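Novice: There's a structure below that I have some questions on.
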Amino acid sequence: MPHRSNIGKRINVSHPILLSFLTHSHAPKLSVSDKMASGEVKLIGAWASPFVMRPRVALNLKSVPYEFLQETFGSKSELLLKSNPVHKKIPVLLHADKPVCESNIIVEYIDETWSSSGPSLLPSLPYDRAMARFWAAYIDEKWFVALRNFLKAEGEEEKKAVIAEFEEGNALLEKAFIDCSKGKPFFNGDHIGYLDISLGSFLAWLRVTELAASYKLLDEAKTPSLCKWADHFCNDPAVKPVMPETAKLAEFAKKIFAKPQA
Amino acid sequence: ETLASERERVIERSAMAEKGEDVKLLGFWASPFTRRVEMALKLKGVPYDYLEQDIVNKSPLLLQLNPVYKKVPVLVHKGKHIPESHLILEYIDQTWKQNPILPQDPYEKAMALFWAKFVDEQVGPVGFKAVVKAEKGIEVAIEEARELFTFLEKEVTGKDFFGGKTLGFLDMVAGSMIPFCIARSWEGMGIDMIPEDKFPELNRWIKNLKEVEIVRECIPPKEKQIEHMKKVAERIKSA
């Protein structure tokens, strides 16, 4: 069980039993002499944020212990403001007190810093890397925006338009999955990687949206490969501990999207 | 450059052409996103065919090569097409190893990627579009833009370039976007956005940039671009 400190809301995931639960059984030991990888790792974030989930999955895949510093919803800590003065947003990775911001940039940083541990998160060929980054950017700039718009859409017309946009995106991602995975279970091949993490981190919110709207946003009939992939992703041991529970997230969503009293 | 090294480059270029390393770049002359890719190709000594695009009446080729965003630039290499300038820069850096563009150190690289994203997603829009629209008045728009430039001022302090001693990824991104694109719009509007007394380091960096041959080769002609930015501003205001 994670040790919960009474001071603040820190969860120490370097507890040996939890760590062994999180790691792949044959992940190589971190080399002590590996200068790049040394130094304490902390992550400023929040359990419900899909962007925060990304570095958490990456750190799990690389078997890197870290301290999770949870922000209180509605306020920003001094440490966050100091570590990310430009955007004042989570996640922020602190590695030996040096901050790295922007979730996808953090995932790449983790991949390169702990390159000798766990699977490679990005493809090795330059074109494949470019495609992984391309789709990850597309997911944030278009796909997720369509998902958010769906939650906000009012009236049948608007909902229809947003659904059409969203399903167009899904069709693109279905094809991208087939191209990138080359018959393997993940975008990254045999193991979860950068692009899997980028899309997979939104699955809990997707489920919450489906429940709220009583509409299947990820449909086996329309995007069979993506649905299979989603299953694999959610069941991965690096993902399970950090994927928010649908019910808990739905409660949280109700709270933050509650319309203010007139 | 010495005659010997220039000769080496010519030989290398013909060797590359023979290997079928045909590189094509679909671009637009006034686009900072296109210009930075040209800087990278020139830095690496990679020969390429430049295909100027009409970005209003888009060609079937452009729509075919970038179906998702339908934008320039797109790099075509060995039958593969890569859109999005940041991705193209990284692709170029990983494919041709001479004269590295991105830092080797993971932390330095993360910083370069972070600031490049900041330049394109914040500095560009706030420094140009928001100033044109001036929704809260021009004074406020300039102040808000200058707040962002303050971050960059800090980043380049004490360095010849963002990349250190030589031109790097962030220099190409910020250089193409700021002094050789949105600054032309400020000139057209009569705004002194980053005066020397307030932004000495950024101004020094711009001077350094102008002394690099490959950068000079990739600067859109000034008067033509000032006119172009004025037209773009009109479109923004009337939207």
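Novice: Roughly what would the spin-label model give for B:Leu63 and A:Val86, points 7 Å off Cα along C-beta, in nm?
Specialist: 3.7
Novice: Continuing with the same structure: Report the relative contact order of chain B, percent, no decimals, based on alpha-carbon pairs under 8 angstrom and at least 6 residues apart.
Specialist: 20 percent.
Novice: When DSSP assigns beta bridges and you keep just the ones with both residues in the protein assembly as shown, what percent turn out antiparallel, to the nearest 5?
Specialist: 75
Novice: While we're here: For the range B:140-178 and the range A:228-258, write down the distance between their C-alpha centroids in whole Å.
Specialist: Distance between centres, Cα-based: 39 Å.
Novice: Net charge around A:Glu78, counting only other residues with Cβ within less than 12 Å of its Cβ (Lys, Arg = +1; Asp, Glu = -1)?
Specialist: Net of charged neighbours comes to +2.
Novice: Where both residues lie in chain B, what percent of DSSP beta bridges are antiparallel, nearest 5?
Specialist: 70
Novice: On full extension of the chain, what length is gained from B:Lys80 through B:Glu52, given 0.36 nm per residue of separation minus the C-alpha to C-alpha distance?
Specialist: 8.2 nm
Novice: Once you average over the residues of B:105-118, how many Cβ atoms of partner chains fall within 10 Å of each Cβ?
Specialist: Going residue by residue through B:105-118 and averaging, the value is 6.
Novice: Let me ask something additional. So if R0 is 56 Å, what FRET efficiency would A:Asp97 and A:Lys160 give, r being the distance between their Cβ atoms, rounded to the nearest 0.05?
Specialist: FRET efficiency, A:Asp97 to A:Lys160: 0.65.
Novice: Could you give the distance between the Cα centres of the range A:207-223 and the range A:30-106, to the whole Å?
Specialist: So the separation of the two Cα centres works out to 31 Å.
Novice: Let me ask you something else. Give or take rounding to whole Å, what are the principal axis extents of the alpha carbon atoms in the range A:32-113, in descending order?
Specialist: Between the extreme Cα coordinates on each principal axis of the range A:32-113 lie 40, 22, 19 Å.
Novice: Calculate, in nm to one decimal, what B:Asn99 and B:Lys159 gain on full extension: separation in residues at 0.36 nm each, minus their alpha carbon distance.
Specialist: Once the chain is fully extended between B:Asn99 and B:Lys159, it gains 19.8 nm.
Novice: In addition: Can you give me the relative contact order of the range B:106-238 as a percent, contacts being Cα pairs under 8 Å and 6 or more apart?
Specialist: 28
Novice: Using a Gaussian network model of chain B whose springs link C-alpha atoms within less than 10 Å, name the residue from B:Gly158, B:Gly27, B:Gly79 with the highest mean-square fluctuation.
Specialist: B:Gly79
Novice: What number, in percent, do you get for the relative contact order of the range A:32-113 if the mean sequence gap of Cα pairs under 8 Å and at least 6 apart is divided by its residue count?
Specialist: Rounded, it is 39 percent for the range A:32-113.
Novice: Moving on to the next point. Convert each backbone phi in the range B:229-236 into a coupling constant with the Karplus relation 6.51 cos²θ - 1.76 cosθ + 1.60 (shift: θ = phi - 60°), then list the ³J(HN,Hα) values in order as whole Hz, x for Gly and Pro.
Specialist: Rounded to whole hertz, the list is 5, 5, 5, 4, 4, 4, 4, 5.
Novice: May I ask for the net charge around A:Asp97, where only other residues with Cβ less than 11 Å from the Cβ of A:Asp97 are counted and Lys, Arg are +1 while Asp, Glu are -1?
Specialist: +2
Read-outs throughout are calculated quantities, based only on the coordinates presented, and are distinct from any laboratory measurement. Just so we're clear, the structure is a prediction, and the values are computed from it rather than from any experiment. Neighbour counts run over all protein chains shown; Cβ positions are idealised from the backbone, glycine included.
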